[in-house]
Each structure stands twice: as structure tokens, then as C-alpha cells.
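The values are calculated or read from the model by the stated rules, or taken from the named source; none is laboratory data. On a predicted model such as this, the values are computed, not experimentally measured, just so you know. Cβ atoms come from the backbone with ideal geometry, glycine included; neighbour counts cover every protein chain shown. To get the accessible areas, we keep the full protein, side chains included, count just its heavy atoms, and leave off ligands, DNA and RNA. Shrake-Rupley method; radii C 1.70, N 1.55, O 1.52, S 1.80 Å.
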Number of protein chains: 2
Amino acid sequence: MTPEPYDTTPEPYDMAPEPYDRAAVRRPASIKDVAAAAGVSATTVSHVLSGNRPVNEHTAARVRSVVNRLGYVPASLARSLQAGATSVIGLLIPDISNTFFAELAKGAEDAAHDLGYGLILCNTEFDADREDRYLGMIRSRFIDGMVYASGSAPSRRRLEALMGKFPIALADEEVEGLEGALIATADHEAGGRLVGEHLRALGHRRALMLTGPRALKSSNARANGFVRAFRGEVVERVGDFKETSGHGLVTDLLQDGGLPGGCTAVFAANDLMAFGALTALRQAGLSVPEDISVVGFDDIRAASLAHPPLTTVHQPAYDVGRTATAQLLQYVTRGEVPPASRHTLPVELKVRGSTAPAAR
Amino acid sequence: MTPEPYDTTPEPYDMAPEPYDRAAVRRPASIKDVAAAAGVSATTVSHVLSGNRPVNEHTAARVRSVVNRLGYVPASLARSLQAGATSVIGLLIPDISNTFFAELAKGAEDAAHDLGYGLILCNTEFDADREDRYLGMIRSRFIDGMVYASGSAPSRRRLEALMGKFPIALADEEVEGLEGALIATADHEAGGRLVGEHLRALGHRRALMLTGPRALKSSNARANGFVRAFRGEVVERVGDFKETSGHGLVTDLLQDGGLPGGCTAVFAANDLMAFGALTALRQAGLSVPEDISVVGFDDIRAASLAHPPLTTVHQPAYDVGRTATAQLLQYVTRGEVPPASRHTLPVELKVRGSTAPAAR
DNA sequence: ATGGTTGTGCAAAACGTTTTGGATATCTAG
DNA sequence: CTAGATATCCAAAACGTTTTGCACAACCAT
């Protein structure tokens, strides 16, 4: 029986809309005030409100009336202290303004809300100090658990030390060597495979692949899946998931005498880099998809709005967040590790206007 | 002197990376355990850690060593209970996956983090019950304040009742009749005005305006500013800020025999509707900006990536979130209402490829 | 010597709940 | 009429901190 994290009794509507009066903030009523005013003990008030033990209906009615009159709302802090849990968890991500993480956050928030949990947003901006600071919240037991969706390498060891002692679930990015952990991630490898098959079916035999940072398992999985399924010649260039990176890599290649080996397609490991590539190609007078096909990864909102609409792999960001959080909470509330402790969520290829049969 | 919300002492790195061992969770060390092990009172431990009163350096060293050995981290709950504040605030928004609110959230998180505050994400999905539920957090004093950036009408009265008693700051959307409130909002009216001037300067004299819901002051302000500065004929249609709405409204008009009165420009109250309009126009065989100019509002990421790149009004979403939060926290920590309790933040017109001189 | 300061540490109260073991009165079954 | 059950409520402990008032010793200046 987890405690309700906060009271939901509606504020009486007919209350005088007092002017904004900072000075007159009086100490909010405590359970003792209610007890005194109702002529009962604090215990009884608690029982009336929680229904934890039966109370005489007459007494209960009196107590409830006093509760309303005084506008009493139980202090959730004291409740949590007593209960040993706060009904709040954290969500640690690098950048909430990135639509992928925003979607993930939405899923996490939904899952948390479903079980009456609050969600603290831990936005790290890829800053290790900031991340440590937030991880401190779990050690001080202010949050009951953490959904971790960051990939900053320096915090890896710190994370390991925590995972044995506190409930932590990984989302989106795996951490090597943590076998027993709770993990929810998209099927990056399958995504790469789908792209490889798609381009191959269109007759492409040579492709340029713009990868993400080597340190990220997810990025590597995309590349591996692609290379394996494409069964053609693949030239790799390492980018950083930013638009400028895609633009720069392609521009450089074009200036060095065209895409290497007569590539007819470009697969970028995320949509942003794909957009950069798109712009670079257009600037060089090439048209997409007639001359070159371009594929992205993520399916961010702009992908379908762009011109041409971008063929890309849809990632279930919402589901990743939701699943990881649900797993974490199952662990936290029931105290048991959920049966399937690793979830790999399906991705989907969205074929749009940026891919076409290979030019001959 | 606000309390540190959570401990930041780094976990010792050289700790044995124990296997994931749920059964062996032992009660974390409390201040009493430390006191006993160090042969001092809990008071002394507290003083050593807080520096609140001087402690003999020899004793202090001993205490610190025990703290490390036991891995003691103060329970922030107990600390907050004693302090009467949690160092956590809430951010209530309708939809985190909307890039505008994601940016706003980022600003809010930054401001909160700067002052050592945590931020609870309250995503309402425009659901009044969910909003009430979250507002309950402030009444139960689990959070020290709330940044409110939603516009759902039914909660208006409820909000009024709360604003006199708890620290609440409004972001993005004003609430009528709450004069003393803390408010940070973009200059919607100026944004509309900029668009009006821009289109007029390009020679446009008749325009279609797609507004947002009438209930939103921000949407009305955009329309008012536009109409006043455009000084031409303006046909208004009411949309709902969604892409389908922009598409539907324009399609309907086109099927009824072209844009009314020979409009040469469309101003949508947000980018999403502008994209809808763009698609509808293209489907009707009209080209943008040669035949019709299109302007949006918000400057979401997709705006610059679209084809043609969308002329739009850049809203300082990040600053709105940051400013509102900073104001709230100034109020919360210092207990005083900041000097300027209303901030109207400047917007900026981004002229891109979707506007051109009026076709004659 | 005396009074005041400084250094050092402790005990107890306070924060606001929930939970547990009784206590008292009333009822039920034999 | 009595033993046991039931209904009703309360006092006290517990959750883990910080803060406050005080005690004691040691030192200083008069």
C-alpha cells in the first residue's frame, strides 16, 4: 500500500478570493489543530482520513467537518518520512529540448502519474557535475528511484556503484556490464537493418553512412545492422548527431571530388545529421532523391515536414520512457525485479520522399 | 540560508561493485549511527556536517571518517521537514512534447538548478483532473512553489484560490484579474505587429489570419497586434493551434472558390497551423511564396528546416521559463515579491523564404 | 580572586505524520 | 451472570533531521 503522494481534495471553490497577501501567511493547520478543534486525538483524525481503522461515523463526520473548515491538508513530507518513501522518482536526461527526450519524458511522466508518482526532471546538459548532483537526490532518499537516460561516460562508474543499492532503470542507452539492470531501449540494430534492406531493394549498392559517436552502443548498433543488411559497399564517417556535423561531412566529401566511390545513398544515424546532409547536397546542385537518396533515424517532427519529406526510422521514444519507468516502479512498489528485465522495443521504417531507386 | 536539497558528496569510487543484490538492502545509516560509532552526540555530527557551529577539529575529523566509512548521507526528507521547505518546485505545463514547452521547461530547470532547487514535471495533457492532482502537491507542501504555464479554463478559479496562499508564478499565459501575480510572458502583441509591418512593407493588403482559441489572451494579442499594424483587410478564422486545423481551414476556403477577397498572405498564430496551411496551398497547386506568402509564430525547430523555410516570430520560450522560475524562486527564498513582478519578453521576426512581395 | 568570554559538546524539543499496543466501555453467547 | 469478543478511541513511539538552551572547562583581563 503505497501512500498517496499528495492530497487531491479539491480546494473549496466558494472561498473568499483573498488578495495576494504575503504577510498574512499563517502556519497551515496540522493534524493536531484538527484533533484539538474536533475534540479527538490526532490518531483518530489520521484514521478518519486514511480509513486505516474504523471510526465511529458520528465522530468521523465531526472530524471531516473540521478538516474542511480549517482547510487541513496532510503534510506530505511528514507522511513520506514516516512511510520511508516519497512517491517521487527522477528522470535523468541530457537535454529536454531535444524532441526525442521530450517524448521519452512524456512517456515517463505518464507512467509515473498512473501510479501516483511524481517525476523530477533532471536535465544534465551533458554536464557530469550536474549529473552527480542529481544522483545525490537518490542517495539522500529524496526520490525512490531513477530513470537514467544519459550517456555521459565519466558517470559510468558512479552509476555502477549506485545500481546495486538503489532502484535505477536504464532507458534508451545500455550500460555495459550491468547485467541485472532494468533496461528499455529501442531496437537500434533492427532499425539499421531496415534501412539497409530498403536501400538495397531500391538498387543501391554503395552508400555513405554518417554514424554517431563511437562510444554510444546505440549508434554502433544502428551502423552494424545497416552494414550487415545492405550487403554493399559502405563508407563510414563519424559525426556527433548535430546538424552541422552532417552538413560538414558531406560538404567536405563533395569538395574532394564527389561522394566516394560513386555512392548513391546517404544513411545518417539521426535525422538532424540527415538534414545537414540534405542541405549540403542541395547546395552542391544535387537533387534528392533523384540523384541521391537520404535516410535518417529518429523520425522527429521536422522529418515529415521537410522537403522532401525524410525517409527515416521511427523510434518509440514515448514507449521507451514509459516502459523504463513502469519497470522501475514495479521494482520500487512491489520490491521485485519485473520478470522481463530487458525490453527491446520495435522500430518502424517510414518511407517518405527522400529515397528512390538508385540512379544508374 | 536555504538548505541544500540533497547531498553532493561523491560516492567513493573504489567501493566493491557488489552484484545487484536486492535482498541485502540494509537500513541506511542514520545520524544516530554515526554519532554512536564516533562516540559523540547527534548534535555534534550535525554541526560537523553543516558547519553551523564550530566543532573541535580533532573530533570533527573522527566524525568525518565515520561518515565516510558508513557511507552516511543525510536524509533530505527529515531535513526538509525540519526546515519547513523542500527546495523543490513544480512546473505545470500541458504538453512536454511540444517544443515550445520543452524549451520553456529547459529554462525553468536551469533557473531552478542554479539555486539548488529540484523541478517536478507536471504534464497535464490539458486534463483538468490531472492538473488538480498536481496542484495538490503545493497544498500538501511537497513543493515550495509552482510555475504555472497552462491555459485550461476550468482550473482558473481553483488557481485563484491558491494564488493568495502559495507561491505561484505564471508563465507564457496571463490570468485575468490576478494583478499582484508574478508573470513572465512573451510580447505576443509585438509579434503580431512585426508580422503586420513585414507583410505591409511587402505590399500585401489583404490577408488571412488563422488565430488560436479565443479564450487565450496570448492568441488574441497576436491577432490584435497584427490587425493594427497591417492596416489592410484581414479575414479571421479560428483554429486550435494544431496542424490539421491550419490545413482544414485553408482547404475549405480554397474549395469555396479561392482565398476570400483575393488574399495574398496567410498569417497563422503558430507554426504548426502555418505548416498545415502550407501543405494545403501546395496541394491546391499554389506556390509559396510566389503566389501566397505564409507566416507562422513560435519558431519551432521545424520552421527553419521546412521547405521553403518558414518566416515566423521567434518566441523566447527558454527565457519565459527561466524568468518565471527565477521570479518565483526570488519570492520563495527571500520571501519578497521581486521588484518587477511582470516581465514581457521581446520577440523577434525571422524573415525566411516563405514570404515575398505581393503578387499583383 | 573575580567576572566575563570562548571553546566544546550534549539533551531535549520541534517538524507532522502513521502505527502499534492498550484501555475502556459495550455487546454477545453461553 | 460471566467470559470473551467487538467497538471506539487514545498515548506513545517512531521516522531522521536541525536548532536551542545549557553545562562545563579553560582561558583572559581586571
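Some values worked out for this structure:
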{"quantity": "Top-ranked residue in region A:275-322 [being basic (Lys, Arg) and closer than 26 Å to B:Gln283 by Cα; ranked as modelled with the lowest pLDDT]", "calculated": "A:Arg301"}
{"quantity": "Members of region A:120-148 that are among the aromatic types (Phe, Trp, Tyr) and more than 20 Å from A:Lys165 (Cα to Cα)", "calculated": "A:Phe126"}
{"quantity": "Residues (within 30 Å of B:Arg79 (Cβ to Cβ) and either near DNA strand C (Cβ under 7 Å from one of its atoms) or not in a helix (DSSP H, G or I) (or both)) located in region A:35-44", "calculated": "A:Ser41, A:Ala42, A:Thr43"}
{"quantity": "Residue list for region A:33-49, filter: surrounded by fewer than 18 Cβ atoms within 10 Å (Cβ to Cβ) and either near DNA strand D (Cβ under 7 Å from one of its atoms) or within 14 Å of chain B (Cβ to nearest Cβ) (or both)", "calculated": "A:Gly39, A:Ser41, A:Ala42, A:Thr43"}
{"quantity": "Helices (runs of 4 or more DSSP H) contained in region B:65-151 and holding at least 2 residues at the interface with another protein chain (Cβ under 9 Å from one of its Cβ atoms), more than 26 Å from A:Leu104 (Cβ to Cβ) and touching a Pro at 6+ places or on another chain (Cβ under 8 Å)", "calculated": "B:76-83"}
{"quantity": "Restricting region B:252-272 to residues that are touching a residue at least 40 places away in the same chain (Cβ under 8 Å) and out of contact with any helix residue (DSSP H, G or I) (no Cβ under 6 Å at 6 or more places or on another chain), the residue that is farthest from B:Glu197 (Cα to Cα)", "calculated": "B:Leu253"}
{"quantity": "Test: A:Arg64 is charged (D, E, K, R) and within 22 Å of B:Asp144 (Cβ to Cβ)", "calculated": "no"}
{"quantity": "Candidate set: region A:23-32, residues that are among the hydrophobic types (A, V, I, L, M, F, W, C) and surrounded by fewer than 16 Cβ atoms within 10 Å (Cβ to Cβ); chosen: the one farthest from DNA strand C (Cβ to nearest atom)", "calculated": "A:Ala23"}
{"quantity": "Residue that is nearest to the other protein chains (Cβ to nearest Cβ) [pool: residues in region B:50-60 that are part of a loop (DSSP other than H, G, I, E, B), near DNA strand C (Cβ under 7 Å from one of its atoms) and open to solvent by less than 100 Å² (accessible area, probe 1.4 Å)]", "calculated": "B:Val55"}
{"quantity": "Selected residue [within 29 Å of A:Ile183 (Cβ to Cβ), assigned by TED's automatic domain parsing to the domain that holds A:His204 and not aromatic (Phe, Trp, Tyr)] from A:Ala277, A:Ala265, A:Ala303, A:Ala284", "calculated": "A:Ala303"}
{"quantity": "Members of region A:334-360 found to be within 14 Å of chain B (Cβ to nearest Cβ), open to solvent by 10 Å² or more (accessible area, probe 1.4 Å) and touching a helix residue (DSSP H, G or I) at 6+ places or on another chain (Cβ under 8 Å), listed by number", "calculated": "A:Glu336, A:Val337, A:Ser341, A:Arg352"}
{"quantity": "Those residues of region B:135-144 which are at pLDDT 95 or above and either in contact with a Cys (Cβ under 7 Å, 6 or more places away or on another chain) or small (Gly, Ala, Ser) (or both), in sequence order", "calculated": "B:Ser140"}
{"quantity": "Selection status of B:Ala223, among the small types (Gly, Ala, Ser), more than 24 Å from B:Leu286 (Cβ to Cβ), modelled with pLDDT of 95 or more and more than 19 Å from the chain's Cα centre (by Cα)", "calculated": "no"}
{"quantity": "Residues within region A:89-110 that are more than 16 Å from B:Pro94 (Cα to Cα) and open to solvent by less than 10 Å² (accessible area, probe 1.4 Å), tallied", "calculated": "6"}
{"quantity": "Among residues of region B:112-141, those that are open to solvent by less than 10 Å² (accessible area, probe 1.4 Å), over 21 Å from A:Leu135 (Cβ atoms) and touching a residue at least 40 places away in the same chain (Cβ under 8 Å), counted", "calculated": "4"}
{"quantity": "Members of region A:336-360 found to be closer than 29 Å to A:Ala303 by Cα and in a loop (DSSP other than H, G, I, E, B), listed by number", "calculated": "A:Pro346, A:Val347, A:Val351, A:Arg352, A:Gly353, A:Ser354, A:Thr355, A:Ala356, A:Pro357, A:Ala358, A:Ala359, A:Arg360"}
{"quantity": "Options A:Val227, A:Val195, A:Val235; residue that is more than 22 Å from A:Thr279 (Cβ to Cβ) and not assigned by TED's automatic domain parsing to the domain that holds A:Asn98", "calculated": "A:Val227"}
{"quantity": "Where a residue in region B:203-221 is outside the structural domain of B:Asp172 (by TED's automatic domain parsing) and polar (S, T, N, Q) and its partner, wherever it lies, is assigned to a loop (DSSP other than H, G, I, E, B) and open to solvent by 10 Å² or more (accessible area, probe 1.4 Å), with Cβ under 6 Å and at least six apart", "calculated": "B:Ser218/B:Glu173"}
